[in-house]
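Reading through the structure tokens given below for one structure.
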Amino acid sequence: MASLLESGWQYLITNFSDFQLACLGSFFLHESVFFFSGLPFIFLERAGYLKKYKIQEKNNTPAAQEKCIAKLVMYHFGVNLPVMILSYPVFRYMGMESSLPLPSWKVVLAQILFYFILEDFVFYWGHRILHTKWLYKHVHSVHHEYATPFGLTSEYAHPAEILFLGFATIIGPAITGPHLFTLWLWMVLRVLETVEAHCGYHFPWSISNLFPLYGGADFHDYHHRLLYTKSGNYSSTFTYMDRIFGTDTGYRRLKALKVEAEEGNKKI
Ligand SMILES: [Zn+2]
Ligand SMILES: [Zn+2]
């Protein structure tokens, strides 16, 4: 497995320059993972499959879904790609490399765990600030246009917010100067995580059922359903920041009511 990965990596670094891999490779990888993981939820919603796991009754119209895709493609080429190109010298300066051998799994996993924790922390505070009146009205309301989120809405946001989210995502790698392989794995996991949080479905196999500290779709869907001043649940990945700072009280009350109602039903 490790040698297969290394020979694949060898192929990449012999055929492409560092710049091509870090900028165009990252862009291509991001687009593939984002659309492959997000598009299926559009079809699920349209076809009505797995309806019993859908969090909200409401569905998005095909026109609303298509508008989201069109804007995303525009922003990905107009904002994400230039940001990836412009941040390349910063990553080089911070010590990013792409040569063999690949870093050990211990290093890769420790760095990625650190990135998740740091990103969640930065995102939480940034997101709370985005929910103040002026910033919400002029910036963050774009992301909240979809009160019934589906996977692809995860990256649907005002360009200023895309820059902020990009900052929260790359601050960890920027200060640790990781191997490009680690950076790619982090990007893939972060995309899958945010697409899942916006997917609109809570499955029996959802990760949040296994790890209570993990937010997931049910947690973030609540944030989109409620009025912006009352929503809470500001974290991107975990639930503990909202718990510590008391911004998950509405969500927890609702969950407690649901459990009570279910228990009541059982008794009857
Ligand atoms: Zn928000
Ligand atoms: Zn969201």
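Only the coordinates and a few stated rules stand behind these numbers; no lab work does. Note that the structure is predicted; figures quoted are calculated from it, not measured. Quick reminder, even Gly has a Cβ in these numbers, built from the backbone with ideal geometry, and neighbours come from all protein chains shown.
Which of Arg243, Arg253, Arg225 has the fewest other C-beta atoms within 10 Å, and how do the rest follow up to the most?
Arg253, Arg243, Arg225
So who's got an amide H within less than 5 Å of the one on Tyr201, skipping anything under 5 residues away but keeping other chains? H placed 1.01 Å off N, in plane.
Residues meeting the criterion, in which the H sits 1.01 Å from N, are Ile55.
In whole Hz, what ³J(HN,Hα) sequence does the range 248-263 give by Karplus (6.51, -1.76, 1.60; θ = phi - 60°), x for Gly and Pro?
3J(HN,Hα) across the range 248-263, in whole Hz: 10, 5, x, 5, 5, 4, 4, 5, 4, 4, 4, 4, 4, 4, 5, 5.
Would you work out the relative contact order for the chain, in percent, from Cα pairs under 8 angstrom that are 6 or more residues apart?
23 percent
Label points 7 Å out from Cα along the Cβ direction at Trp125 and Lys51: separation in nm?
Using points 7 Å along Cα→Cβ, the separation is 4.6 nm.
Residues in the range 154-193 near a label at Trp134, defined as backbone nitrogen under 13 Å from the 7 Å Cα→Cβ point?
Residues passing the 13 Å test: none.
List the pairs from Lys67/Lys230; Lys51/Lys133; Lys133/Lys255; Lys106/Lys230; Lys51/Lys137 whose alpha-carbon separation is above 30 Å, in the order I gave them.
Table pairs above 30 Å Cα-Cα are Lys51/Lys133; Lys106/Lys230; Lys51/Lys137.
Using Cα pairs under 8 angstrom and six or more residues apart, how large is the relative contact order of the range 208-254, in percent?
This gives 33 percent for the range 208-254.
With θ set to phi - 60° and the Karplus curve 6.51 cos²θ - 1.76 cosθ + 1.60, what are the ³J(HN,Hα) couplings of the range 38-47 in order, to the nearest whole Hz, using x for Gly and Pro?
Taking θ as phi minus 60°, the curve returns x, 4, x, 6, 5, 5, 4, 5, 5, 7 Hz for the range 38-47.
Taking a ≥ b ≥ c as the square roots of the eigenvalues of the Cα gyration tensor of the range 72-139, is the shape rounded (a/c under 1.5), prolate (a/b larger than b/c) or oblate?
oblate
Fewest first, what order do Lys133, Lys71 take by the number of other Cβ atoms within 10 Å?
Lys133, Lys71
Using alpha carbons only, how many angstrom separate the centre of the range 1-67 from the centre of the range 76-113?
One Cα centre to the other: 19 Å.
Name the most mobile residue of Tyr53, Tyr156, Tyr240, meaning the one with the largest mean-square fluctuation, in a Gaussian network model of the chain with Cα contacts below 10 Å.
Tyr53
Add -39500 (n - 2.57) for each DSSP H run of 4 or more in the chain, then divide by its residues: what number comes out at 222 nm, to the nearest 500 deg cm²/dmol?
-20500 deg cm²/dmol
Short version: ³J(HN,Hα) in whole Hz for each residue of the range 59-76, in order, from phi by Karplus 6.51 cos²θ - 1.76 cosθ + 1.60 (θ = phi - 60°), x for Gly and Pro, what are they?
Whole-Hz 3J(HN,Hα) from phi for the range 59-76: 10, 7, 6, x, 5, 5, 5, 5, 4, 4, 4, 4, 5, 4, 4, 4, 5, 5.
Return the ratio Rg/(2.2 N^0.38 Å) for the range 4-266, where Rg is computed over Cα atoms only.
So the Cα radius of gyration is 1.05 times the expected 2.2 N^0.38 Å.
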